[in-house]
Amino acid sequence: MTDKNRVYIFDTTMRDGEQSPGASMSLEEKIQIARVFDELGIDIIEAGFPIASPGDFEAVTEVSKILKKSIPAGLARHSKKDIDRCYEALKHAPRFRIHTFISTSPLHMKHKLNKSPEEVYEAIKQNVTYARKFTDDVEWSCEDGTRTDMDYMCKTVELAIKCGAKTINIPDTVGYTIPSEFTKIIETLLNKVPNIDKAILSTHCHNDLGLAVANSLAGVQAGARQIECTINGLGERAGNAALEEVVMAMKTRPDLMPFETGIETTLLSKASKIVSNATGFPVQYNKAIVGKNAFAHEAGIHQDGMLKNRQTYEIMTPESVGVQQTSLVMGKHSGRHAFKDKLTSLGYPNLTDDIVDNAFAKFKILADKKKHVYDEDIIALIDDSLIIDNKVNAINLKSLKVFAGTGEPQRAEMTLDVFGEIKQASETGDGPVDAIFKCIKKLYPHEVNLQLYQVHAVTEGTDAQATVSVKIEENGKTTVGQAADTDTLVASANAYINSLNKMIIKRDKTAPEQNYENQNYENQNYENQKMKGI
């Protein structure tokens, strides 16, 4: 309270956020969230509305027991039963806050409370005073504050402070105000309430007009020093001010908002994911700060700028909010510069311009057809370009016979051309495909991980052509081989051999100072190294 630039973060994800239809959280989920929030550095955690249900009471109770740094808070209406229930849930904590509220707008007083302004004034006096008996940390809120008469608001705020409230919250309950109006409300309170220096002013803005964050920041610039908010902007109707947005706005623009919070921002992404998982509410892709696309760039101009200097299109680093790195999303708007950078990250640092150009042209055609171009798609394009560039496969299937059926192990007899040498083998296996793959491994010794073996028919009928896909991995590099044949077993053998040929080329093309076009090098490498780790 002595630091004029310190802004306190009051999180109400587990109270106001949970009031979103379908966002209920279990006790275990609330405890998990509370631990993360405590680590995140949130000042006050409103864990629930204790009188609302036995579950809410239990949640507030258990959360109040585990917090190490954050102050637990519970919500209570202007009712002694509410306040008593709130105290019973919070009393296990060494320090806690009782947050009590009543409506003050003419609309709410008349139609919701059926009380006169005088009756509401008396209720404030009785209940804030009563709450103060349990703790010196009492917060009072004038519900629907932004539609409350200013003179009446000043009068009620002065009374609440006089009765012991240390925090005065001005809720924009229905998301009705705009920044300039909210600024005026806060400034009027600071100028007209004689004892306002004895309390902290707080904002609690809803997002019905999409202005919750803007209004909250306007309130802080006008003199408020607490922001009530939720992770992911969770909350009733259109939600509340998003915690991650108000915090990062102040951190990113200290020139205009020289304020500090106690938030460890590198945990924001983690907190977002935990809340999303607990509530089942997905975070929209373009959500500020924590959305999937918040640090993703697809436009070629943007990607080129990012590769030259990240600040060209990022005003904060992804690491500052707990995201591992910027994502250059490959799509139809991507440019050659970004495509080449992606190839380097995928393990192709030394490709010739011809190969890159060939693959980039195919990539553009593919990107027009697919909404998402995955790394595996790009790998397949490069592998195909390498095969075209190389023109000769290291391994070729010459013949295959398979013996399958009941009563005896399945067996395969195979002849391969391996770097120009004809080799033969016979192997048994747990099925004909296993026997085939064992033959290949015997004729061309190697150690790779088989990550995918998939068969699908191109057309209908028993005479359909089968397409087989095989994906292998070695030392972080992957290749995908495909082959089609009316004989599924022949297609399987060719798909596996295709993936091996791509792996050989990938190893050679991506290794420094090697020239795959030198056939003597290939044969010597095979004979002398026994093709260890193809």
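We did not get these values from a lab; they are worked out from the coordinates using the rules stated. Only a predicted model underlies this, so the values are computations on that prediction, with no experimental measurement involved. Neighbour counts are summed over all protein chains in view; Cβ atoms, including those assigned to glycine, are modelled from backbone coordinates with ideal geometry.
So here's what we get for this one:
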{"item": "Part-to-part distance (alpha-carbon centres) for the range 205-283 and the range 148-192, which is given in Å", "result": "20 Å"}
{"item": "Cut-off under 5 Å, modelled amide H: who pairs with residue 287 long-range", "result": "292, 293"}
{"item": "Neighbour-count order for 182, 134, 437, fewest beta carbons within 10 angstrom listed first", "result": "134, 437, 182"}
{"item": "Cα centroid separation, the range 97-116 to the range 390-443 (Å)", "result": "82 Å"}
